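Here is the structure we will look at.
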Amino acid sequence: MACLVAEGLGKRFAVGGGGLRAVEDVSFTIESGEFVSIVGHSGSGKTTLLSILGGMARPSSGRVLFEGADLYSLDSDALSEYRCEKVGFVFQFASLFAVLTAKENVMLPVTFRSPALPPGRAEERASELLGLVGLGDRAEAYPSQLSGGQQRRVAIARAFMNAPAVVLADEPTGDLDEQTEEDVMRLFLKMNEESGTTFLMVTHNADLAGRAGRRMRMQDGSLHEL
Amino acid sequence: MARAFTVSSHAVRNLKRRPARTLILMTAIGLLVSTLVVAVSFVRRVESSIRATTDRLGADLIIVPTGSRGAAEDVLVENRVKTFYMDRALIDRVRRVRGVDRVTAQTYLATVGGACCDVPDTMVVAFDQASDFVIRPWLNEKLGRPLRKGEAIVGSESALNIGLGLTDMDAVLFGNTFRMVGVLDKTGTALDTAVFLDESNIDDLIRKGKPNVGPGSISIVFAKVEKGYDPREVAGRIDDSIVEVDAVPRRDVGKKVLAALGDINRIFVAFILVASLLAASLAWAVFSGIANERAREVGILRAIGAKESHVTRLFLLEVIVVGAIGSVVGALFGSALAFAPARGFLVATNVTTSLSAGERIGIAVVGLAIGTGICVLGALLPIRRTRRIEPFRVLKED
């Protein structure tokens, strides 16, 4: 069954007097449970494409179908629900809230879920996810007390909090050491195999990309199968 | 145990992040609300004091020597110590005017602390107990019998008493010793600041104390009109037939003060409007800054599923907390200021009526609502802009 379908996607930004085409006529289908990686140079449009698929940036042209429904025909609230409940997004930068502990940061998406998980259950799940990313003992630490790599792992745990159908990961191992990078990749693969979560991962790392079931390359806004 | 993230707890945490900025906005709102509370309380208090005074006099008309209306209002409405006199024979002439039912007269003597008497500046009111309908209701209630010669009763806030509850002690007025036999209950009128005695004492006072009053003089005549007569018409008739007096219907007493109050009111309104505009602009500037500063945070929240309504709620809660705390402090401060002795305003020093607890609370609640509302109003545009942030835009700018 098709999980995500992109049809003729385009995204254009106004730059100065002219325009910049970040994504150009991109079409593909990702089946449920697939693990797809996208490689490409900086500025090739990978993050923009991921954001469009994540319901965070309206395309200039084309459409995105999630389980058959046109994402951008949804109203603002429904699109927020899609981001909250269907998608887990791992950003390429630290995206934690400084005033919240690691566990509170992981629990954050539950706040916007309707109906919300009972607090006890949410906390249990957050602890479980922190354990999975190897930070079970750092649950009460604030982001300022964590290393860059640990912060990244908290953000990964947060992306799984609402048990999303698809995880969109933008350079998820960008600033991690080799061992942690390997741990994260194993975790992704495990989640993909055990729970059937669909993964679309953008990376510069050719080795990591090679471990995905399907690989694509983004170049000058266009996407090609490898 | 982890604290669950809630929009309200996050709002409070955000406010704590920048205490100085939060405090500045709270102070501005607080000042606006306190000004509003002081102004409204002041105007309401003076208005109700004037109304209470005129209503409680129990007379339909007040008749004073020609040209003395202002001085009479100063005495009756503002509790000032002033004297004015006319011939006692005018009482009968007023009584004979068509439409006049009953009349009674009072004579005002002003004591001057350290000059004529043993008491501080105060107004001594001599009245005719036989015809009186102004003081007697209060006197009967308190003393239960008429005042005898050589006796006096003091108002609850007279300079002689000042809350001491004086009874059975002597005071010297114009060289005559008077026994203070009681203190009138608070009436909320000019009666509260005077000393009352029967007019049979006047001759002794004139003889021994030499006040500025001749024999056979009175200061004021109070008249009730017959049923079915319009007090204004009867007043006109008195004015036309007796040139030595001015007749003022009860409803017109204090008009001069009320007119002046109207001007003060307009100045207050203009000031409060300007202050509101400034407070709203400050809220706009502060929340525009907050919105820019937290665009990335909002972007992340939106990216992980926060709806526009969540973002609106987050910022609204912040602005409401700031507005409400500022307004509560302002309302408390304003209320305290409004009822502290307002030495800068003579009219306020002299009004005796206090607002009821209900009115005070009402004014404070209105101030609170206006302060919070202005804060919210100022922050609306930045909030609107923030909640529409497209997550990708701010995240890409990072």
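Nothing in this text is a laboratory measurement; each read-out follows from the coordinates by a stated rule. If you're wondering where the values come from, they're calculated on a predicted model, not measured in any experiment. So basically every Cβ, Gly included, is an ideal-geometry build from the backbone, and we count neighbours across all protein chains shown.
Within 15 Å, Cβ to Cβ, of A:GLY62, how many net charges do the neighbouring residues add up to if Lys/Arg are +1 and Asp/Glu are -1? Each step should come with its number before you reach the end.
On the way: positive: A:LYS11, A:ARG12, A:ARG21, A:ARG58, A:ARG63; negative: A:GLU7, A:GLU24, A:ASP25, A:ASP70.
The answer is +1.
Between A:PHE89, B:ILE29, A:LEU168, whose Cα lies farthest towards the positive end of the dipole of the protein assembly as shown when Lys and Arg beta carbons carry +1 and Asp and Glu beta carbons carry -1, centred on the Cα centre?
Comparing the listed Cα positions along the dipole, B:ILE29 ranks first.
If we count every other residue with Cβ under 10 angstrom of B:ASP246's Cβ, Lys/Arg +1 and Asp/Glu -1, where does the sum land?
Numbers: positive: B:ARG69; negative: B:ASP239, B:GLU244.
The answer is -1.
Distance from the Cα centre of the stretch B:259-305 to that of the stretch A:1-17, in angstrom?
First find each Cα centre; the distance between them is then 40 Å.
Give me the base-10 log of I(q)/I(0) for the stretch B:1-110 at each q in 0.22 Å⁻¹, Debye formula, one uniform scatterer per Cα, rounded to two decimals.
With one equal scatterer per Cα and no solvent, log10 I(q)/I(0) is -1.23.
Between B:VAL245, B:ASN212, B:VAL225, whose Cα lies farthest towards the positive end of the dipole of the stretch B:199-265 when Lys and Arg beta carbons carry +1 and Asp and Glu beta carbons carry -1, centred on the Cα centre?
Result: B:ASN212.
What is the ratio of the Cα radius of gyration of the protein assembly as shown to 2.2 N^0.38 Å, where N is its residue count, to two decimals?
So the Cα radius of gyration is 1.61 times the expected 2.2 N^0.38 Å.
Along the stretch B:308-316, what does the Karplus equation 6.51 cos²θ - 1.76 cosθ + 1.60 (θ = phi - 60°) give for ³J(HN,Hα), rounded to whole Hz, x for Gly and Pro?
4, 5, 5, 5, 4, 4, 4, 6, 4
How many angstrom separate the Cα center of the stretch B:190-246 from the Cα center of the stretch A:33-100?
90 Å
For the stretch A:88-187, what is the Kirkwood hydrodynamic radius in Å, using each pair of distinct C-alpha atoms?
13.3 Å
Could you tell me which residue out of A:PRO59, A:SER114, A:LEU135 lies farthest along the dipole of the stretch A:2-225 toward its positive end? Charges go on the beta carbon: Lys and Arg +1, Asp and Glu -1, centred on the Cα centre.
A:PRO59
Debye calculation, C-alpha points only, no solvent: report log10 I(q)/I(0) for the stretch A:2-225 at q = 0.18 Å⁻¹, in the same order as the q values.
Debye intensities relative to I(0), on a log10 scale: -1.37.
Provide A:HIS41, B:HIS310 in ascending order of the number of other Cβ atoms located within 10 Å of each residue's Cβ, fewest first. Kindly include the intermediate steps, with their values, before the conclusion.
Numbers: A:HIS41 12, B:HIS310 20.
Ascending Cβ contact count within 10 Å gives the list A:HIS41, B:HIS310.
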